[in-house]
Amino acid sequence: MTDDTPYDLLVIGGGINGVGIARDAAGRGAKVLLCEKDDLASHTSSASTKLVHGGLRYLEHYEFRLVRESLIERERLLGMAPHIIWPLRFVLPHDKGLRPSWLLRLGLFLYDHIGGRKLLPETKTVDLRAAPHGDVLEERLVKGFEYSDCWVEDARLVVLNAMDAAQRGADIRTRTACVGLDRRGQVWLADLKDKHGETQRISARAVVNAAGPWVDGVLGKAMPEKQHQNLRLVKGSHLIFPKLFDHDQAYIFQNKDDRIVFAIPYEREFTLVGTTDVAFKGDANTIEISDDESAYICDAINEYLKVDVAPDQAIWSYSGVRPLYDDQSRNNSTVTRDYVFELDNPEGAPPILSIFGGKITTYRKLAEHALHKLPMPWLETQDAWTAGADLPGGDMEVGQFDAFVSDMQSRYEWCSADVMLRLCRAYGTLVFAVVGDAKSWADMGQDFGAGLTEREVGYLIDGEFVQTAEDVLWRRSKLGLHMNDAERKSLEDWFAKRGAAAAA
Ligand SMILES: Cc1cc2nc3c(=O)[nH]c(=O)nc-3n(C[C@H](O)[C@H](O)[C@H](O)COP(=O)(O)OP(=O)(O)OC[C@H]3O[C@@H](n4cnc5c(N)ncnc54)[C@H](O)[C@@H]3O)c2cc1C
């Protein structure tokens, strides 16, 4: 059946780029529909290293535009969502035989200055023999540099953008795949298939193809007569170990192959280590770390940390593929991380804009550029508005987060301080909506373990597009890491019971 009222914009893909564009367009008054074939952030956008960063190493590839834009965005995003984004200090050891000390210093000088850094502290030299690094790093490492970047809860950043888009009127449909795209006169006809296998045909005056690793596939549906081979898929994997060191700074290690590997404090109890750059062919829906990648990551860490790690000590891993624009670079690490647009806009026919590459860090600016590029003269306003517009729960000053947490901990004394800290990090000022009128822990309903309660799950279902236990455990949160099998199963059972009750 055809819905006759066309959408102004159909966005295909609920990764960071799709939701960023949907939010921006909805805020300009567009009637937007976003479809995501799985859950929000199911693919690359929850598999990143989770850094809002300029990308220090891109300076070596002369990607100054990208680094500058990323550094400007770093502080902007920090201000828009200080609950899910926070400053992190990185320690870069100087190692004999690799990049010389003066080159590291020069790179970091540029890094400190080309992006208008205001909030974050500058680079300094550190003695690696002193605490807290002396007990952690190999004896040969004497001198290093400490610089700033930011951490981001990547999957939550996606969800907050989708929530904001929805609040501005966008129709966000998860577990809904675009299975057909056809130009008909002034509009696109799109077939959207939901999780029950039912297909609805909608019309839209413009399409954004933000399908990440599947962007060429979507182009194939829209223009089957042409060849579409613009993508270079580069797989990257991470391993998670029980804490490898007990302080709150991250390490960036130089590898002998000129790549870098991070070791980052993760989820209070763990260390996140990665990543790799491996050419990828195959089904991007089902990817996992290979033995070679695990060995590569462990070798890199063992070069630098006193403690030795082996792949079987890792408690979890995750992998993603970077949907990069194929610039014909020979090396997977040097393919541009910058974004590229392809606009198809024949006279008298509706446009489609495809997005290649990009980073979590640059999503907001990418969305602005995309809407500038996509001709939609019928929009209420063409003015960019998202710079500095807080994301849901982020309406507090940078630097006030700790005071906010203390306030919440004393207001909700019946909730453990650790759980309240986690809730504040996840939901920011929306913590009030999660806790609601609860006056005791018992009021929060069933306790699934690791501080997750029925009330929080209810909030996630009502407000954050959650449909399954997996959405809760691995994307809206990482509570899956903190729960045992029985606890995870109790949440799955709860969802199964709920589904059965709804079907009855
Ligand atoms: C290992 C690794 C580490 C990284 N680290 C960082 C980092 O630290 N910082 C940083 O800034 N960036 C980082 N990145 C880059 C960043 O993660 C990606 O650039 C970004 O997530 C890409 O987002 P996207 O929206 O284009 O793609 P995706 O997140 O993959 O989203 C595309 C979505 O489209 C959906 N889709 C596809 N086809 C259809 C269809 N027909 N109908 C409906 N939906 C469809 C998919 O299901 C998918 O969810 C990293 C990437 C990798 C792989």
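Bear in mind that the values in this text are calculations on the coordinates, not laboratory data. A quick note: this is a predicted structure, and the numbers were derived from the prediction, not measured. Note that we place each Cβ from the backbone using ideal geometry, even for glycine, and neighbour counts take in every protein chain shown.
For the pair Ser290 and Arg68, label points projected 7 Å from Cα toward Cβ lie 3.8 nm apart. Pair-distance distribution of the chain: all C-alpha pairs, bin width 20 Å, starting at 0; shares per bin in whole percent are 22, 56, 21, 1.
When each of the peptides 120-128, 291-299 is scored by the mean number of other C-beta atoms lying within 10 Å of its residues, the order from highest to lowest reads 291-299, 120-128.
Our coupling estimate for the range 200-208, obtained by passing each phi through the Karplus curve with A = 6.51, B = -1.76, C = 1.60 and θ = phi - 60°, is 10, 9, 10, 10, 8, 7, 8, 10, 10 Hz, Gly and Pro reported as x. Across the range 403-419, computed HN-Hα scalar couplings (Karplus, 6.51 cos²θ - 1.76 cosθ + 1.60, θ = phi - 60°) run 5, 4, 4, 4, 4, 5, 5, 7, 5, 10, 4, 6, 9, 5, 4, 5, 5 Hz from first to last residue, x flagging Gly and Pro. Helical content alone sets the calculated 222 nm signal of the chain at -9000 deg cm²/dmol, taking -39,500 (n - 2.57) per DSSP H segment of four or more residues and averaging over every residue. For the range 72-148, the relative contact order is 41 percent, taking Cα pairs closer than 8 Å that sit 6 or more residues apart in sequence and dividing their mean separation by the residue count. A cut-off under 10 angstrom between Cβ atoms defines the neighbours of Glu380, and their net charge, with Lys, Arg +1 and Asp, Glu -1, is -1. For the listed peptides 405-416, 386-397, a ranking on the average number of other beta carbons within 10 Å per residue, highest first, reads 386-397, 405-416.
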